[in-house]
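In what follows, a structure is listed as structure tokens, so that the remarks can point back to it.
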Amino acid sequence: MRAVVLSLTLFVAVSAFSQQADVSMLAATPTAARIPYYIDPSLLHVRLLLQDPPAIGSSANNAELADLHHIEDSRTPKEIEQAKADDVEEDMFIFGSVVGKGFTAEALPTTAVLSARVKNEQSVAGGELKHYFKRPRPFLTDPTLHPACAAKPGQDSYPSGHSLTGYLEAFTLIELLPEKRTEILARADEYARSRLICGVHYPSDTEASRTIAYAVFGFMLATPKFQRDLVAAREELRTKLGLASK
């Protein structure tokens, strides 16, 4: 299914080479930007790729709440510590444990700009979906849940923005460091699971994020802007790490 979605998205994206705005200031204020940089929402209809989330009171929604209670009851102090750290960082540098020493925004300014632009595309696509589906956060539906991270009340649970960011940044980093693909994907899954350990998202929120990430990334990958940014970041990162060019 993911391969089909990616193929369809790439086909549509071939015609999307012109972009809508210059957002060169993204590196300074990435979280404030909602203007598309790589994607074209008029061509990439992400809403059509997701089913509605389980309705409140349905057996599926109740099963997800039960899963969250199980996670809450079994989460360890170490898992909570990691989840809290993941809660406050939303960029490519969450993969520092995979890439190694020196993988920081300060040391890699070109890579940091790429990361900010990727995060921006999450805000565009994910923001549209959150507004459309308006799913209440799980702790609002079930007040007996006890979030371990900052509990932002709102009807914006589906999909998970953090998880969508994590997968988009992961797919991007794999283009830069393909030899670390397995470790990067494992860290992205861990990052998404942190949202469940935090108690601020349903499992289906993070699953939806991964589905959307494949489509958004496929579109990005077909745009000249993204390809140029990949080349520049790849050269910077591999030189910094002392790795051969790919």
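The values are calculated or read from the model by the stated rules, or taken from the named source; none is laboratory data. Please read these numbers as outputs of a predicted model, since none were measured by experiment. Every residue, glycine as well, gets a Cβ built from its backbone with ideal geometry; the counts of neighbours run over all protein chains shown.
The figures follow:
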read-out: Residue check for residue 117: farther than 18 Å from residue 214 by Cα and in contact (Cβ under 8 Å) with a residue 40 or more places away in the chain; value: no
read-out: Of all residues making up the range 43-102, the number that are within 19 Å of residue 191 (Cβ to Cβ), touching a residue at least 12 places away in the same chain (Cβ under 8 Å) and either of a type in the set (Ser, Thr, Tyr) or exposed (fewer than 11 other Cβ atoms within 10 Å of the Cβ) (or both); value: 2
read-out: Residue within the range 167-182 that is polar (S, T, N, Q), without any contact (Cβ under 8 Å) to a residue 60 or more places away in the chain and out of contact with any helix residue (DSSP H, G or I) (no Cβ under 9 Å at 6 or more places or on another chain) present; value: yes
read-out: Qualifying residues in the range 218-246 (those that are at pLDDT below 95 and not in a helix (DSSP H, G or I)) - the one nearest to residue 38 (Cα to Cα); value: 246
read-out: Subset tally (residues that are of a type in the set (Val, Ile, Thr) and surrounded by fewer than 18 Cβ atoms within 10 Å (Cβ to Cβ)) for the range 195-246; value: 2
read-out: Neighbours by Cβ (under 6 Å, 6+ apart or cross-chain): first from the range 226-239, in contact (Cβ under 8 Å) with a residue 24 or more places away in the chain; second charged (D, E, K, R); value: 230/175
read-out: Qualifying residue in the range 198-212 (condition: under 15 Å from residue 84 (Cα atoms), of a type outside the set (A, V, I, L, M) and in a helix (DSSP H, G or I)); value: yes
read-out: Candidate set: the range 100-146, residues that are within 18 Å of the chain's Cα centre (by Cα) and of a type in the set (Val, Ile, Thr); chosen: the one nearest to residue 171 (Cα to Cα); value: 118
